[in-house]
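The values are calculated or read from the model by the stated rules, or taken from the named source; none is laboratory data. The structure presented is a predicted model; accordingly, all values stated were derived computationally and were not measured. Cβ sites come from the backbone with ideal geometry, for glycine too, and all protein chains shown count toward neighbours. Just so you know, the surface numbers come from the protein's heavy atoms only, side chains and all, with ligands and any DNA or RNA stripped out. Shrake-Rupley method; radii C 1.70, N 1.55, O 1.52, S 1.80 Å.
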Amino acid sequence: MSDEDRSIRAFLGDRGERISGTEADALVDLRLAGVSAFTAQGLPHRKRERWKFTDLRRLLMRETYEAARPAPLPARHADRVSALPAPRLVFVNGVLDEAVSDLGQSGADIVRLEALLGGDHAALADRLGETVEADHPMIALNAAWMADGAIVRVPKGVDAGRLHLVSVMTGREPVMAHPRHMILLEVEARLELVETVLGDGAGHFENAVTEIQVSDGARLDHYRHIDAPDGHVALDHLRAHVGRDAVYHGFNLAIGAGVDRTEATVRLLGQGGEARLGGAYLGRGRQHHDNTVLVRHEAPNCLSRQVFKGVLDGRAHGVFQGKIHVDRVAQKTDGYQLNKAILLSPRAEIDAKPELEIYADDVKCSHGATAGQIDTDALFYLRARGIPEHAARGLLIHAFLAEALEEIAAADIRAQYQAAIDAWMAAGGFDEETEA
């Protein structure tokens, strides 16, 4: 049996024969298409360009994953889940935990994906899959196995405030879950979505898909923080459509997990649309952080920004694949892209692949990528003024990451993420001699 056949059997099994006929027709079609696409491709590997630096076949075939089962929220995460004062949805092993979820006074209409799978809410079921590409192997695997998730709709002109979306993987044996979320903002709507990804126990595999539609004049601020154990494999596939004069602002803080890949594709479909994507990634040991971003300018007078910064120690591996694509009709495009990384260890590694693909002639686009060690002149300057070396390194890392954190509009979230970075450094995450 070939590696391709083994990967298909291990992760898909007989899913094609066990799809329920009681689901809405649109969902049955989506599942069958997912089975077909994953069967044709299997797990991605290095020979596929967009997966050149993150070989999922090699990474995932080391473990045998069982389908995740519902479980209670681990006690050690209870305070973390309730700390943020906002309506919240908590998914444990990919299934909503109603006991710890609390919608409070949320201004959004929220439906569980489970309700769609039962055939209700047909109009919403028909919209599932609108923003994603059907031939993406991991999105296809998600479609085949998705069991629960959040469907959030913010009505026209409503400011829904903040919503906290929490995902926790737990269990003694490695399990896999495939949550599916859909965020729909109608015309002139507003939402701040805070997403927290946690893990507990054995090394698990989470393959999440989030579909986002930001209608004309609407705004979505989306903050994601992953803080899971080293054995955790976390994939997040985000697909967003942004309308006329609409704004999508996303920020991703990656500190935990053995393997984390956040793959975002944003399409600017209406004139005056704006997409801002940023992030900070901190790795040590053998952690692997992958930020793969594509912004497609498909209308004139749109703006996009990509600003990512990483700090890597030990044998940690960072990946940045950022691309700006400008269609012929997208005149007056303003696109900017930047990735910078500090390598604290001689064995840390960063692969950066910034790209511009431009078919319009009246645009302003630029990109850059740099990697290096801490500035020795700056370090000497601080030490010459009596600051211990350890503290001086911390100050320089703070200053380095500040540009990325400035992209976070919410002051309390920015402070929370800064505290997480402080904790990482306090735990010994920036010792230049560290090797895993």
Task: Residues of segment 147-168 that turn out to be assigned to a strand (DSSP E or B) and either charged (D, E, K, R) or surrounded by 18 or more Cβ atoms within 10 Å (Cβ to Cβ) (or both), as a count - done: 14
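Given ILE387, ILE397, ILE421, which one is within 21 Å of the chain's Cα centre (by Cα) and modelled with pLDDT of 85 or more? Let's see the steps before the verdict.
Values: ILE387 fails: within 21 Å of the chain's Cα centre (by Cα); ILE397 fails: within 21 Å of the chain's Cα centre (by Cα).
When all the criteria are applied, what remains is ILE421.
For the structure I just gave you, tell me whether ALA392 is among the aliphatic types (A, V, I, L, M), open to solvent by less than 70 Å² (accessible area, probe 1.4 Å) and modelled with pLDDT of 90 or more.
Working: among the aliphatic types (A, V, I, L, M): yes; open to solvent by less than 70 Å² (accessible area, probe 1.4 Å): yes; modelled with pLDDT of 90 or more: no.
Criteria not met by ALA392.
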TODO: Taking only segment 76-114 into account, find how many residues are buried (at least 19 other Cβ atoms within 10 Å of the Cβ), in a helix (DSSP H, G or I) and not hydrophobic (A, V, I, L, M, F, W, C).
DONE: 1
Open item on the list: Restricting to segment 371-389, and then to whatever is open to solvent by 80 Å² or more (accessible area, probe 1.4 Å) and assigned to a loop (DSSP other than H, G, I, E, B), can you tell me which residue is nearest to LYS353 (Cα to Cα)?
Closed with: GLN373
Open item on the list: Within segment 206-230, take every residue that is in contact (Cβ under 8 Å) with a residue 40 or more places away in the chain and within 25 Å of ILE421 (Cβ to Cβ) and give me the one that is surrounded by the fewest Cβ atoms within 10 Å (Cβ to Cβ).
Closed with: ASP230
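Quick check on this structure: which one of VAL242, VAL233 is surrounded by 24 or more Cβ atoms within 10 Å (Cβ to Cβ), in contact with a Phe, Trp or Tyr (Cβ under 9 Å, 6 or more places away or on another chain), β-branched (Val, Ile, Thr) and farther than 24 Å from ASP97 by Cα? Before the answer, list the steps.
On the way: VAL233 fails: farther than 24 Å from ASP97 by Cα.
None of the other options fit; the residue is VAL242.
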TODO: Kindly provide the set of residues from segment 303-325 that are in contact (Cβ under 8 Å) with a residue 60 or more places away in the chain, more than 17 Å from TRP424 (Cβ to Cβ) and either of a type in the set (Val, Ile, Thr) or in a loop (DSSP other than H, G, I, E, B) (or both), ordered by number.
DONE: VAL307, VAL319
Open item on the list: Filter segment 247-256 down to the residues that are without any contact (Cβ under 8 Å) to a residue 60 or more places away in the chain and either among the small types (Gly, Ala, Ser) or surrounded by fewer than 23 Cβ atoms within 10 Å (Cβ to Cβ) (or both) and list them by number.
Closed with: VAL247, GLY250, ALA254, GLY256
